[in-house]
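Have a look at the structure below, then the notes.
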Amino acid sequence: IEGMISEKLFEKELDAVGIYVTDMELTEAMTGNNANPYMVQYAQQMGFENPAQLYDFLFNPAKYGVAEAQVVEAKANWMRMEQEIVRMLKQSKLQALVSGLFQANELDKMQKRRTAQIRPFFVCCFLKNCQKSAFIIDILG
């Protein structure tokens, strides 16, 4: 239950900051040339070459001589997968947004240079089986 509450709160926050998925993005992820691998696998398990063919079958069963009642369960699975794809796309957008907020500053650059200098010493100490205290003193010194 805690997971469900957390999921709903997360969705609410995504909506509050304006992260959404357009119909075109969803269609591309579900049935496009680079459809989500889950959708491709589901279509193949159902006996179709690609998700677009499966979608056409599920939402136009009469075209294939199939009664609507025969595709109800598969159609419900499709709708659940669609919700999951929307969630994944939103998370991806949030991750891209957040990662774009961080930039290295001078302190980060200095730390990176210091780390680069420490690594060769660590390897050398490891190979020579030196004392841990010598390694710590060199890092702090």
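Is it the case, given these coordinates, that Glu82 is over 22 Å from Asp23 (Cβ atoms) and out of contact with any Ser or Thr (no Cβ under 7 Å at 6 or more places or on another chain)? Quick ask: steps written out before the conclusion?
On the way: over 22 Å from Asp23 (Cβ atoms): no; out of contact with any Ser or Thr (no Cβ under 7 Å at 6 or more places or on another chain): yes.
Considered against the rule, which asks whether it is over 22 Å from Asp23 (Cβ atoms) and out of contact with any Ser or Thr (no Cβ under 7 Å at 6 or more places or on another chain), Glu82 comes out as no.
Within region 50-78, the set of residues being among the small types (Gly, Ala, Ser) and within 22 Å of Ala29 (Cα to Cα) comprises Ala52, Ala74, Ala76.
Among the residues of region 19-40, those that are surrounded by 12 or more Cβ atoms within 10 Å (Cβ to Cβ) and either out of contact with any Pro (no Cβ under 7 Å at 6 or more places or on another chain) or among the polar types (S, T, N, Q) (or both) comprise Ile19, Tyr20, Val21, Glu25, Leu26, Thr27, Glu28, Ala29, Thr31, Gly32, Asn36, Tyr38.
Quick check on Tyr64: is it open to solvent by 60 Å² or more (accessible area, probe 1.4 Å) and under 28 Å from the mean Cα position of the chain (by Cα)?
On the way: open to solvent by 60 Å² or more (accessible area, probe 1.4 Å): yes; under 28 Å from the mean Cα position of the chain (by Cα): no.
Taking the combined requirement at face value, the residue does not satisfy it.
Hey, does region 92-104 have a residue that's modelled with pLDDT under 90, among the basic types (Lys, Arg) and under 23 Å from Ala16 (Cα atoms)? Yes, because at least one residue in region 92-104 is modelled with pLDDT under 90, among the basic types (Lys, Arg) and under 23 Å from Ala16 (Cα atoms).
The values are calculated or read from the model by the stated rules, or taken from the named source; none is laboratory data. Just so we're clear, the structure is a prediction, and the values are computed from it rather than from any experiment. Cβ coordinates were reconstructed from backbone atoms using ideal geometry, including for glycine residues, and neighbour counts include every protein chain displayed. Only protein heavy atoms, including side chains, enter the accessible area calculation; ligands, DNA and RNA are left aside. Shrake-Rupley method; radii C 1.70, N 1.55, O 1.52, S 1.80 Å.
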